[in-house]
Ligand SMILES: [Ca+2]
Ligand SMILES: [Ca+2]
């Protein structure tokens with residue numbers, strides 16, 4: 001037990017070391033910058049004006065502020081490890097920031113090990129509460145619902161399992177499916193390498209449907225990319241399409257029509 005816990009901790013420590021290496025190799029000189037996210041239009045809109053008397057105060061604020069993530073979404077890839085029971089996992093998914101302090105995600109996760117038989121593949125939704133900052137500690141909760149299927153011997157069950165007209169012939173097998181569910185409290189921290197790329201170290205304790213002996217600490221390292229949209233991408237002056245436009249593929253708006261009548265401004269173009 002103690003040795004297994006040690007190996008779990010060693011995996012977590014390796015994740016921390018990898019994070020530090022990535023930070024020092026990939027972003028040397030930019031770990032703390034008051035202009036670290038200026039290539040993000042929403043961040044730049046807030047901070048691109050010249051400094052005034054509040055220069056030092058604003059530099060500090062700009063160095064930590066990551067509220068430009070609000071309303072944006074992206075994708076992520078994670079690797080997980082656990083020493084007790086020995087388990088390795090991978091996850092691909094999408095995430096979104098409905099608020100700068102709230103992150104939601106859903107991914108597809110594969111787990112091998114788990115003290116159960118073989119591998120599992122399943123869906124894992126999650127939510128995190130975090131600081132709206134470049135270095136962002138968080139707490140969260142995630143779920144897992146997965147399953148697997150494998151062939152097991154069926155030579156003695158008096159059933160023609162494969163429907164070939166012969167009962168319990170040599171090497172007859174049947175398909176055996178198994179489900180694994182779980183819920184896991186999570187703790188960790190993000191660090192934004194750039195305005196749109198993020199590294200995460202996390203630890204989650206997975207309570208499984210297989211009983212407490214199968215519960216485990218899973219330590220993870222995640223790389224994420226924020227893909228938008230920026231607030232400026234949505235032009236508030238753009239016309240909202242009418243129901244007629246949306247339901248009629250060949251409808252176009254006549255720019256010369258009387259703008260007082262939306263109905264009159266719609267031209268229906270015929271295929272002929
Ligand atoms: Ca058979
Ligand atoms: Ca059989």
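None of the figures in this text is laboratory data; all of them are computed from the coordinates on show. Quantities reported herein were computed from a predicted structural model and do not represent experimental measurements. Positions of Cβ are generated from backbone atoms using ideal geometry, with glycine treated the same way; all protein chains shown enter the neighbour counts.
Structure values in brief
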read-out	value
Space enclosed by the convex hull of the alpha-carbon atoms of region 2-233, per residue, Å³	154 Å³
Gained length - residue 32 relative to residue 58, 0.36 nm times residue gap less alpha-carbon distance	8.0 nm
At R0 = 35 Å, FRET efficiency that the Cβ-Cβ distance of residue 197 and residue 175 yields, to 0.05	0.25
Pairwise label distance in nanometres, residue 168 with residue 45, each label 7 Å out on the Cα-Cβ vector	7.4 nm
Size of region 106-204 as Cα extents on the principal axes (Å, biggest first)	66, 23, 18
Extension reserve of the residue 187-residue 106 stretch, reckoned as 0.36 nm per residue once the Cα distance is removed	27.5 nm
Among 160-169, 146-155, 91-100, 214-223, the order from most to least packed when residues are scored by Cβ within 10 Å on average	214-223, 91-100, 146-155, 160-169
Distance (nanometres) between label positions extended 7 Å along Cα→Cβ at residue 156 and residue 131	6.2 nm
